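Here is the structure we will look at.
The values are calculated or read from the model by the stated rules, or taken from the named source; none is laboratory data. Quick caveat, the model's predicted, so the values are computed rather than measured. Here the Cβ positions follow ideal geometry from the backbone for every residue, glycine too, while neighbour counts run over all protein chains shown.
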């Protein structure tokens, strides 16, 4: 079984700051990490490969700028057999449609592919529509919110979270599956794999042109806009004294601010 896992490099939300003067995100001190939800998808793919009696292959695919190379190598350190990085200036801040096209083209380049796994949600934007968009681009069925995947007699079985309950869904052909965090937590990278993950040849780097993506195919469906920030919070005022004095002081402040 050949399994493709879509992984994305994102900014760690805990390290992102907001510049009120420029009304934009301040990323100067932000660090990049692999999207946490994608690590669950990778773990699901690794477990399927490890349980495949005929042997399998897990390929991590990421789209982004040159720095996303770290995420591709991290996936190999976790256990992926190899990885593909689709990188170019046009993809540094690409929209969802452009990224979907790049991933679909990568899957077609890696054909034959039996299964594509994605995380269920992005750490930064909180969206989770990749699996559906990618399935539509490939013309494959899609399964959402899978908690576990296991081999079955005629393909795969997915334990899906539905209305607070678990349901089994059978898959008999190529499909796109979004994996949500469940009992199978992502593994830590083994020290030996970390040492070898950056060996040459483990990550194939492609440009959009290599995948046949040029011109209008790279035009996004959204435009980045500035932040709309509310008024900056002001510190509260501490009023001391007795109850009567404090009450009088509060009334005076409210009158000065024309609130009463």
Next item on the list: Working only within region 166-195, note down all residues that are more than 22 Å from residue 137 (Cα to Cα) and either in contact (Cβ under 8 Å) with a residue 60 or more places away in the chain or under 21 Å from the mean Cα position of the chain (by Cα) (or both).
Entry: 181, 182, 183, 184, 185, 186, 187, 188, 189, 190, 193, 194
Next item on the list: Sort out which residues of region 156-165 are under 10 Å from residue 145 (Cβ atoms) and either surrounded by 12 or more Cβ atoms within 10 Å (Cβ to Cβ) or free of Cβ contacts under 8 Å to residues at least 12 places away in the same chain (or both), and write them in order of number.
Entry: 158, 159, 160, 161
Notebook entry, point to check: Which condition breaks for residue 85 when tested against (1) closer than 29 Å to residue 172 by Cβ; (2) part of a strand (DSSP E or B); (3) in contact with a helix residue (DSSP H, G or I) (Cβ under 7 Å, 6 or more places away or on another chain)?
Noted result: (1)
Item checked: region 155-171: number of residues that are touching a strand residue (DSSP E or B) at 6+ places or on another chain (Cβ under 8 Å), within 17 Å of residue 181 (Cβ to Cβ) and at pLDDT below 90 -> 3
Margin query: Going residue by residue through region 48-58, is there one that turns out to be surrounded by fewer than 21 Cβ atoms within 10 Å (Cβ to Cβ) and farther than 20 Å from residue 193 by Cβ?
Written below: yes
Checklist line | Residue among 52, 38 that is under 19 Å from the mean Cα position of the chain (by Cα) and touching a residue at least 24 places away in the same chain (Cβ under 8 Å) | finding: 38
Checklist line | Filtered residues of region 123-154 (kept if without any contact (Cβ under 8 Å) to a residue 60 or more places away in the chain, buried (at least 16 other Cβ atoms within 10 Å of the Cβ), out of contact with any helix residue (DSSP H, G or I) (no Cβ under 7 Å at 6 or more places or on another chain) and in a strand (DSSP E or B)) | finding: 143, 145, 147
Next item on the list: Quickly run through region 18-42 and pick out the residues that are modelled with pLDDT of 85 or more and assigned to a strand (DSSP E or B).
Entry: 32, 33, 34
Notebook entry, point to check: farther than 20 Å from residue 207 by Cβ and surrounded by fewer than 22 Cβ atoms within 10 Å (Cβ to Cβ): does that describe residue 91?
Noted result: no
